[in-house]
1. When you scan region 273-297, how many residues do you find that are outside any helix (DSSP H, G or I), away from the ligand (no atom under 11 Å from the Cβ) and crowded, with 17+ Cβ neighbours inside 10 Å?
2. With the condition kept exactly as written, say whether any residue in region 396-412 is among the aliphatic types (A, V, I, L, M) and within 24 Å of the chain's Cα centre (by Cα).
3. For region 298-316, does any single residue satisfy the condition of being over 24 Å from Asp118 (Cβ atoms), surrounded by fewer than 17 Cβ atoms within 10 Å (Cβ to Cβ) and more than 19 Å from the chain's Cα centre (by Cα)?
4. What's the number of the only condition in (1) at pLDDT below 95; (2) surrounded by 14 or more Cβ atoms within 10 Å (Cβ to Cβ) that His467 fails to meet?
5. If Asp190 satisfies every condition in (1) touching a helix residue (DSSP H, G or I) at 6+ places or on another chain (Cβ under 8 Å); (2) open to solvent by 10 Å² or more (accessible area, probe 1.4 Å) but one, which is the exception?
6. Scan (1) in a loop (DSSP other than H, G, I, E, B); (2) at pLDDT 95 or above for the single condition Cys226 breaks and write down its number.
7. Would you check if Arg169 is touching a residue at least 12 places away in the same chain (Cβ under 8 Å) and under 30 Å from Thr425 (Cβ atoms)?
8. When you scan region 236-251, do you find a residue that is free of Cβ contacts under 8 Å to residues at least 24 places away in the same chain and either within 13 Å of the ligand (Cβ to nearest atom) or surrounded by fewer than 16 Cβ atoms within 10 Å (Cβ to Cβ) (or both), even just one?
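The values are calculated or read from the model by the stated rules, or taken from the named source; none is laboratory data. All values derive from a computational prediction rather than experimental measurement. For neighbour counting, all protein chains shown are included, and Cβ atoms are generated from backbone atoms with ideal geometry for every residue, glycine included. Heads up: the accessible areas ignore ligands, DNA and RNA and are worked out on the full protein's heavy atoms, side chains in. Shrake-Rupley method; radii C 1.70, N 1.55, O 1.52, S 1.80 Å.
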Amino acid sequence: MLLARFGFESGAESLEKKFGRSKLRISVIGCGYVGLVTGTCLAEAGHQVVCTDNDPQRITALKAGVVPIYEPHLDAMLAANHRSQKLSFTSDAGEAVRAGEAIFICVGTPPLENGEADLSAIDNVARLIAAEACESKLVVEKSTVPAQTGQQLKRVLGVYRRNGSVEFRVASNPEFLREGTAVEDFLHPDRVVFGVEDEVSEKQLREIYRPILERRFRCPVHMSPCPATEPPTLVVTTINSAELIKHASNSFLAMKISYANMIADVCEKVGGDIKEVTRAMGLDPRIGPRFLDAGLGFGGFCLPKDVQAFIRLAERSGVDFSMLKEAERVNKRRIDLFVEKIRQALWVVKDKQVGVLGLAFKANTDDIRFAPSLEVLRRLLAEGAQVRAYDQEAMDKTSAIFPQVRYFREPYEVAHGADALLILTEWPEFRQLDWERVYGIMARPLVIDGRNLLEPAAMAEHGFEYHGFGRTLENLAPAAPPVPASAFKAASAGAELPLVS
Ligand code: UGA
């Protein structure tokens, strides 16, 4: 039905003849973060894309233009491409499989109890493709998977194939999208990796990515011309290498963060400012400035699970990746250290009004999966704190897990009457708060900053007791004069304010 609706060509045409075409028929299986961004961006690049998901409600919502995730630029792009019929949605997975000449697998690979990736969704999709395909297909792994999954995928496709004349070519095309900037990352990548085992797959992937590699698309992210940066580097490897590139990259980023966090701990002990240290470190091009922000550590659905899966993969291959185990251990300890800072500052946590700014695992997303905030909330509630919270995007998702937390429509309402204010997500909005005003409405001017978002000296000038990670005030010059107690206008604790949910 989809084939007819969009005037798709028949499968008889040989792939060689198709090269040079700017438009390919692409199916995307899985409408999560990766699938929706991939499908929408490939449609934006000019291809004919159909997306499917095993959650029919999600598909109904998408057909009605409701995007189930918050990702900058995605809803406008999705709506425009849906309107122009370059992007469609179906809950009939078989129909989606038959429609595409290339099928991108974008299903979840969540962690199992033992830390290994659960590949059951990939297996299900492979069997579905094998059963439904009536013409030869390029099957592209986009989901993050352990090395050698491509080989298994090829085997399953072959074993379950119903039509003997149908050929499956498998490729790995790992994604390096960051939530919050996923659309920009897709359209302006630093590198594009193709893990392939045959020339036809490589050529077809080149055709799919040609608009992005050659920057031949109308950029929906930058209003004016896009920033002049180097064009993306195309890296063509084996399938195993491509799978490893993804895990190795995410694990390295995790290690970099844990390393910065350890330096922050040393700064606290010996006197030093982590921001000064990492800034100078980052000026060395061999190190680079990014992913050196110390604080609560890494969360989200990618880094924590990919680190675990990489450790297990190494173990199963007889390699003890102890370095990575340590990075994971350091990361888990961040929450202990943060809660300890809260305890030390508040003395008794029970019955204290604790305001929380930020719930998402990082800024510019509504995603709370493996967010450090969840564990902080759990521990505060277990100790009997009265928790009040605000986040631009993540309150609905958090309130489903923690209904006992009071959610407010703006940060000042959270600060009102609070004994402590915690910053758990690096939303830029928090940096721009009117801190004079916050000072005036808190019961006690105490800020514990899990993201090193604020400047200790400026906070001291406002009169706050401020704690970050690796930034003790004594190490910063010039020290701010102490604020007299009489200047502090304590607001009455527990003032009645409107609840969001
Ligand atoms: C990560 C990778 O950065 C992407 O390249 C990859 O494609 C993606 O996983 C994936 O596998 O799909 P993402 O999970 O969106 O992207 O988040 P990051 O930007 O990597 O941040 C992860 C966590 O590390 C966040 O909790 C963030 O707050 C924390 N972080 C990041 C730090 O604590 N310090 C830093 O310096 C940077």
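1. Within region 273-297, residues that are outside any helix (DSSP H, G or I), away from the ligand (no atom under 11 Å from the Cβ) and crowded, with 17+ Cβ neighbours inside 10 Å number 1.
2. So far as region 396-412 goes, yes, one or more of its residues are among the aliphatic types (A, V, I, L, M) and within 24 Å of the chain's Cα centre (by Cα).
3. no
4. Every listed condition holds for His467 apart from (1).
5. (1)
6. Result: Cys226 passes all but (2).
7. no
8. No - not one qualifying residue is present in region 236-251.
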